[in-house]
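Written below as structure tokens is the structure these notes are about.
Quick note: the coordinates plus some simple rules give every number you see, no bench work behind them. Not measured: the values here are computed from a predicted model. Neighbour counts run over all protein chains shown; Cβ positions are idealised from the backbone, glycine included.
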Amino acid sequence: MSIQKGDFIKITYTGKVTEDERVFDTTDRQVAKDNEIFNENRTYGPEVVIVGAGHLVPGLDEDFVGKDVGYRGSVTLPPEKAFGHRNPELIETIPIKNFPKPPQLGATVQLEQRFGTVVRTIGRMATVDFNRYLAGQTISYDYEIVEKIEGTEDKVKGLLTLYLGMELPVVIEGKVLTIGIEPALTYNQSWLMAKGRIAREIIDATEIDEVLLVERYTMEETIEEFVPEQEGEQQEE
């Protein structure tokens, strides 16, 4: 049966800028190293996505529909199907005093929950481009549909790995899903921003109708977390 919107599929891909064949994204570790875009914090290998859920750029997401498992092919996407057109109004000149630290040319910065790239610095001012990365570019993807995921537990684990780059313990009882949250995740900004969306996507795309997020602590973790603070308080006394 061909792939349809809402299906969980496992894919591999490599994205390139059409103009110069520059690789900007890939699920292949060696390709990333060969093209000097390797990220040691990323988990490489096939990724699980929900077709039509917006996990990837619109044109690639749409291209999955109607294909079969095992399909290998390429798709070229204009800006409106990729990262959008460039908007000149999103290029702003900002006083350097407004930055947490002096901005460097080419650096990615965050200002008022917006991310941008520093494209120019003159005197006490810096110009920041808040357009999406590769906005205005025609891009292409070589991709393979490796597998269609059927089991609810595999779907959940795949989605968690997509968002967090790690596996978490899960238990499914009827239509209730319990996800065990490691202590470190309570300080993880990616998790704090994504947990609501993850829960909603699981409920919308599976038979699960309730998601419980349970923080799990062991004696050792409790000691590690609280002892240093107690010692610090004793020293202050």
Original post:
Using a cut-off of 23 Å between alpha-carbon atoms, which lysines can reach K155, once sequence neighbours fewer than 8 places away in the same chain are excluded?
Top reply: K5, K10, K67, K175, K195
Subject >> Which label in [x] 184; [y] 116; [z] 146 gives the computed volume of the Cα convex hull per residue in Å³ >> reply: [x]
**OP:** Could you work out the relative contact order of the chain, using alpha carbon pairs under 8 angstrom and six or more residues apart, expressed as a whole percent?
**Re:** 20
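Divide by every residue of the chain the summed helix terms, -39500 (n - 2.57) for each DSSP H run of at least 4, and state the resulting mean residue ellipticity at 222 nm, rounded to the nearest 500 deg cm²/dmol.
Details: 5 runs with 60 residues, N = 237.
Calculated from helices alone, the mean residue ellipticity at 222 nm is -8000 deg cm²/dmol.
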**OP:** Please turn the phi angles of the range 167-181 into ³J(HN,Hα) values with the Karplus equation 6.51 cos²θ - 1.76 cosθ + 1.60 (θ = phi - 60°), one per residue in order, whole Hz, x for glycine and proline.
**Re:** 9, 10, x, 10, 9, 10, 10, x, 10, 10, 10, 10, 10, x, 9
Subject >> E36-M125 pseudo-label distance in nm [points 7 Å out on the Cα-to-Cβ vector] >> reply: 3.2
Subject >> Centre separation in Å (Cα based) which lies between the range 1-47 and the range 145-206 >> reply: 21
Original post:
How do M125, M193 line up, fewest other C-beta atoms within 10 Å first?
Top reply: M193, M125
